[in-house]
Amino acid sequence: MDFLNRDIWAGNTVKSFIFLAVGIILTFVVASLVQKLFRKVLKGLVEKSKTNLDNLILMTFEKPVYWFVLAGGFNISLSFIRLGNLTGYVSKAFTIIFMIFIAWSLHSFVGALRTNYMTKLDPQLANIVEKTLKAIVWILCALVTAGTLDVDIASLIAGLSIGGLALSMAAKDTLSNIFGSVTLFADKPFKTGDMISIGGTIGTVEDVGLRTFHLRTLEGTLITYPNAMLVGGPIENITMRPDRRYLGCLSVVYSMTTQQLKDAMEAIREILKANPRVRDDFSVRIDKFADSSIDIGMLFWVTPAADYFDVVSEVFLACKEKFDKEGWDFAFPSLTLYQDADSKK
């Protein structure tokens, strides 16, 4: 028995460290049992329920509860040994850890609520509601933690209020961004996933926040724009276009006869008419006599607009195939020199 009462460190005996080791082992055992309780017993009861909310709570809090039990067990186990001046710091550290686990649990729960119960909301609005609720969770947990650590909450809030006043006076741009987000939800010029053109840049909207929105350009780069741009300039929503116009020409050589020109234009009309994604109000006419070619102008609309490049490619390939078959030549920039008879003398 004298061996168990032998002082090892700072007044802690062998018996104290044995209790510490047993407490840590029991902590892992209890944490594992709680996890199994969640996975088997409670999950079986929840599956019999008619609502999905209890299942959501179970799935969200399963991992945080496991770590919460571990932290609590470690805290109790450490009470078997004397920590001296470290006791207060250890107690505060575990308090912070507990509050982090609580905040983590609520943070995950808000995300699960957004996924399962905010599907009918506008995606952009649901995104901001989710981020706002998560921010509130962490702020409240931080205030509660500060209160348990004997921090003067009243003085802290008063200091934050004064600082907030100073920040608000210098945060004109931030307020403009917030008003921009309000404009976004009121007018709904675009939504997540839409392709838009803003400030001369074309891209797909990936995310919309309270201050900024993210645009993935055609080159693959990600640009962050302040929401204030939604108030100060025009926005073109390319996705909302029902169709997209093509305006261009095919250049043919001057050696083509008038009849060949008529046949070529008629062939182009037949190609456009045969394509189901080209509107019926297309136009094919002689556009102009250029320096080295006769330009046949083409004007047509592609429906839907997302198929624009595919349809234009199909039309061009069909025209090339028809011209090759008939022996008609496309023109290319060239210069013809004429020499009169007198210059030969």
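The values are calculated or read from the model by the stated rules, or taken from the named source; none is laboratory data. Here the structure is a predicted model, which means the values were calculated and not measured. Cβ: placed from backbone, ideal geometry, glycine included. Neighbour counts: every protein chain shown.
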Practice task
From the list F300, F309, pick out the single residue that is surrounded by 10 or more Cβ atoms within 10 Å (Cβ to Cβ) and without any contact (Cβ under 8 Å) to a residue 12 or more places away in the chain.
Solution key: F309
Fill in the blank from the handout: Of (1) more than 28 Å from E130 (Cα to Cα); (2) of a type in the set (D, E, K, R); (3) at pLDDT below 90; (4) part of a strand (DSSP E or B), R241 satisfies every one except (4)
Handout entry: Residue count, the stretch 196-225 (criterion: within 16 Å of N237 (Cβ to Cβ) and in contact (Cβ under 8 Å) with a residue 60 or more places away in the chain)
Key = 1
Practice task
Please indicate, with yes or no, whether at least one residue in the stretch 62-69 is outside the structural domain of L215 (by TED's automatic domain parsing), buried (at least 17 other Cβ atoms within 10 Å of the Cβ), over 30 Å from F213 (Cβ atoms) and at pLDDT 75 or above.
Solution key: yes
Completion exercise
Within the stretch 244-274, the residues that are of a type in the set (S, T, N, Q) and either in a helix (DSSP H, G or I) or touching a strand residue (DSSP E or B) at 6+ places or on another chain (Cβ under 7 Å) (or both) are S251, T258, Q259, Q260
Completion exercise
Going through the stretch 275-289 in order, the residues found to be surrounded by 11 or more Cβ atoms within 10 Å (Cβ to Cβ), among the hydrophobic types (A, V, I, L, M, F, W, C) and either modelled with pLDDT of 95 or more or part of a strand (DSSP E or B) (or both) are V278, V284, I286
Practice task
Quickly run through the stretch 168-188 and pick out the residues that are buried (at least 17 other Cβ atoms within 10 Å of the Cβ) and either modelled with pLDDT of 75 or more or over 17 Å from the mean Cα position of the chain (by Cα) (or both).
Solution key: S176, N177, G180
Practice task
Residue by residue through the stretch 219-234, note down the ones that are in contact with a helix residue (DSSP H, G or I) (Cβ under 8 Å, 6 or more places away or on another chain) and assigned to a strand (DSSP E or B).
Solution key: P226
